[in-house]
Amino acid sequence: MRLIVLAVVLIAMSVLAARAKLVPGRAQSIVELLIEFVNGTIIKNTLGLRAGKQFAPFLITLFFFLLAMNLAGVVPGLNLAGTSVIGLPLLAALWTFVVYVSAGVKKRGIAGYLKHETAPPGLPKAIYLLLVPIEFLQVVLIRWASLTIRLLANMVAGHIMLVVFIGLTQGLLLSGSWLVAISPFAGALAIGIYGFEIFVAALQAFIFTILAAVYIQMATSDEH
């Protein structure tokens, strides 16, 4: 299923790029709006346009990749988000980890980057005994682990809710009792959750991408 989604996205983007026009059609307009949304809302507000140019390809690719995989959960015939199994959220989180650590090390060196991330200046020396280990864990473990768990948990929860309410609707319809009368309400809830799952799919792609941008900004900024 992931390979199907990936192939569809790559082919669609390649065709749109090859046929791009000065006056865009509907599909090109949608893609351009999404790119402008990521560029303006996430990259510009977090990294700034100048610094953000370096990381724009990564962040835009990450957003489209996660959005497509998330939306697979509401596509008939697929019915399962590519991010609802841990492998893909973990891969995206580790990819983000490599990008922000590499950016920090490139700017400051290994020692300078670790000092920047774990030992902000101006604090009493005794505080560093507690702060440095915590911040070190943040850098090497907690950030990418939290990215993985947040995305995975949200997409699994949405999938389970869809299955439960669609199954409930079917069960009520086939119950052969007065419960058939309330099946339309269960069906309406299923449709509502279906729409809500589309919103969650877009929201989680946005949250993951903006957190990736924030981690890059923290690794490369002059101030902690």
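With every protein chain left in place, what is the accessible area per residue of the chain in square angstrom, probe 1.4 Å?
Per residue, the chain has 57 Å² of solvent-accessible surface.
Only four residue types carry charge here, +1 at the Cβ of Lys and Arg and -1 at the Cβ of Asp and Glu. Report the dipole size of region 97-224 about the Cα centre in Debye, rounded to the nearest 20.
Dipole magnitude for region 97-224 comes out near 360 debye.
Between Q28, A219, L162, whose Cα lies farthest towards the positive end of the dipole of the chain when Lys and Arg beta carbons carry +1 and Asp and Glu beta carbons carry -1, centred on the Cα centre?
A219
Want the number for A20 to I110: 0.36 nm per residue separation, take away the alpha-carbon distance, what's left?
Contour length minus the Cα-Cα distance gives 28.1 nm.
For R150 and I198, calculate 0.36 nm times their separation in residues minus their Cα-Cα distance, and state this gained length in nm to one decimal.
Taking 0.36 nm per residue and subtracting the Cα distance, the gain is 15.6 nm.
Post the alpha-carbon centroid distance, region 102-120 to region 50-99, in whole angstrom.
Centre-to-centre distance over Cα atoms comes out at 26 Å.
Using bins 10 angstrom wide from zero, how does P(r) for the chain break down, in % of all Cα pairs?
All Cα pairs, binned at 10 Å, distribute as 7, 25, 28, 20, 12, 5, 2, 0 percent.
Taking the alpha-carbon centroid of each part, what is the distance from region 134-180 to region 181-224 in angstrom?
Measuring centre to centre over Cα atoms gives 12 Å.
Taking the Cα centre of region 1-126 as origin, sum charge times position over the Cβ atoms of Lys and Arg (+1) and Asp and Glu (-1), and report the length of that vector in debye to the nearest 20.
420
Treating only the Cβ atoms of Lys and Arg (+1) and Asp and Glu (-1) as charged, compute the dipole magnitude of the chain about its Cα centre; round to the nearest 20 debye.
Taking the Cα centre of the chain as origin, the dipole is about 540 debye.
Excluding residues fewer than 8 places away in the same chain, name every one of the lysines whose C-alpha is closer than 17 Å to that of K53.
Excluding near neighbours in sequence, the set is K44, K106, K107.
Identify, among P57, M1, V139, the residue whose Cα sits farthest towards the positive end of the charge dipole of the chain, taking +1 on the Cβ of Lys and Arg and -1 on the Cβ of Asp and Glu, with the dipole about the Cα centre.
In the chain, that residue is P57.
Helix-only estimate, please: 222 nm mean residue ellipticity of the chain, summing -39500 (n - 2.57) across DSSP H runs of length 4 or more and dividing by its residues, to the nearest 500.
Theoretical 222 nm ellipticity from helices: -26000 deg cm²/dmol.
Along Cα→Cβ, 7 Å out, is where each label goes; now give me the distance between the ones at Q170 and N45 in nm to one decimal.
4.1
If packing is taken as the average number of other Cβ atoms within 10 Å across a peptide's residues, how do 74-87, 183-196 rank, most packed first?
Top of the packing list down: 74-87, 183-196.
Quick check on packing: order 22-29, 116-123, 6-13 by the mean number of other C-beta atoms within 10 Å, highest mean leading.
Per-residue mean Cβ counts within 10 Å order the peptides as 116-123, 6-13, 22-29.
Taking 2.2 N^0.38 Å as the expected size of a compact globular protein, what ratio does the Cα radius of gyration of region 1-64 give against it, to two decimals?
The reported ratio for this selection is 1.23.
The values are calculated or read from the model by the stated rules, or taken from the named source; none is laboratory data. Bear in mind that the values here come from a model prediction, so they are computed numbers and not experimental data. Don't worry about glycine lacking a Cβ; one is built from the backbone with ideal geometry, like all the others, and counts go over all protein chains shown. Calculation scope for accessible area: heavy atoms of the full protein, side chains included, ligands and nucleic acids excluded. Shrake-Rupley method; radii C 1.70, N 1.55, O 1.52, S 1.80 Å.
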